[in-house]
Structures are given as structure tokens and as C-alpha cells.
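A.B. asks: First, the structure itself, so that you have it in front of you.
Derivation of every value follows stated rules applied to the coordinates shown; laboratory data play no part. Note that the structure is a prediction, hence the values are computed from the model and not measured. No Cβ is skipped: glycine too gets one built from the backbone with ideal geometry, and neighbour counts run over all protein chains shown.
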């Protein structure tokens, strides 16, 4: 009777018990972390964000949910590479890169054209060359 109980399809393999328990704990932690994001107070807080932070928030949420769907498809035995999900993840990743580029552009220092030309001219200034130019210019004018 105990042999039939072990071979029963309802019986879970003992080597997977710890892994499934660990997965269950991680999913519970994820649920606790996502709860404030999906509550109405989090949506109200989102309205107070500036446009760059809103974009980052939306992209992170979209990427996270798409990644969870990717993992679910893998667990179900489907190949997510053959679906539109791969293109969606790539699209979101491209938008994340674009938002980062826009943020970097805002942080980049700006120079007036005159300031930049003086900076380059002074960086390239060679006092030895200036002495040669002055000496040869004085002799040629005589």
C-alpha cells in the first residue's frame, strides 16, 4: 500500500519539495513588494512624479510583468521566444535605453559656442610656437 502511495500522481517528488517551497516563499515576497505599487495610494503618488520618473515607473512595471509572463510560459513548457512577448520585452528595453539617453542628455554640461571655442583654443595653445611666430613675424616686417 505504501508503494502505491509513492507512485501516485498526486504525490509530489521529494527532490522538488524544497525548491517549490523556496519558489513559493519568493512569490509571496514578490506579492508583498508589488502590493503598494498596485494600490490606489501608489497610483496617486505616481501622479506627483515628473515625466521622467513616470516613464521609468511605467517601463519598470511593464518589463517586470512581461518577465513574469516569460517565466510562466517557460514553466508551462512553452517557448516564449516564438511569441510576441520577446518583441515586447525588446521594445520595453529599447524604451528604457531611450529614457536613460534623455536623462543623460539633460545631465550633460552645456557650453556657449564662444566658451567652447576659447576652451579649445586655450587647450591647444603652445607657448613655444607663439614665441617662434612672434620672432619670425618681427623679422619679416623689418
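A.B. asks: Decide, for the range 7-90, between rounded, prolate and oblate: order the square roots of the alpha carbon gyration tensor eigenvalues as a ≥ b ≥ c, take rounded if a/c falls under 1.5, and otherwise choose prolate if a/b is larger than b/c, else oblate. Don't skip to the answer; put the middle values down first.
C.D. replies: Details: a/c = 4.11, a/b = 1.70, b/c = 2.42.
Judged from the Cα gyration tensor, the range 7-90 comes out oblate (a/c at least 1.5, b/c at or above a/b).
A.B. asks: Moving on to the next point. On the principal axes of its Cα set, how long, how wide and how thick is the range 50-108? Give whole Å, largest value first.
C.D. replies: For the range 50-108, the Cα extents along the three principal axes come out at 46, 17, 12 Å.
A.B. asks: Using label points projected 7 Å from each Cα along Cα→Cβ, tell me how many nm separate residue 101 and residue 67, to one decimal.
C.D. replies: 2.3
A.B. asks: While we're on this one: Once you put a point 7 Å from the Cα of residue 39 and another 7 Å from the Cα of residue 129, both along the Cβ direction, what distance in nm separates them?
C.D. replies: Simple spin-label model gives 6.6 nm for this pair.
A.B. asks: Taking the Cβ-Cβ separation of residue 14 and residue 88 as r and a Förster radius of 30 Å, what is the calculated FRET efficiency to the nearest 0.05?
C.D. replies: Numbers: r = 38 Å, r/R0 = 1.27.
Efficiency computed from Cβ-Cβ geometry: 0.20.
A.B. asks: Let me ask something else. Quick one: compute the contact order of the range 50-108, relative version, from alpha carbon pairs under 8 angstrom and 6+ residues apart, as a percent.
C.D. replies: On the way: 22 pairs, mean separation 26.5, N = 59.
Worked out over the range 50-108, it gives 45 percent.
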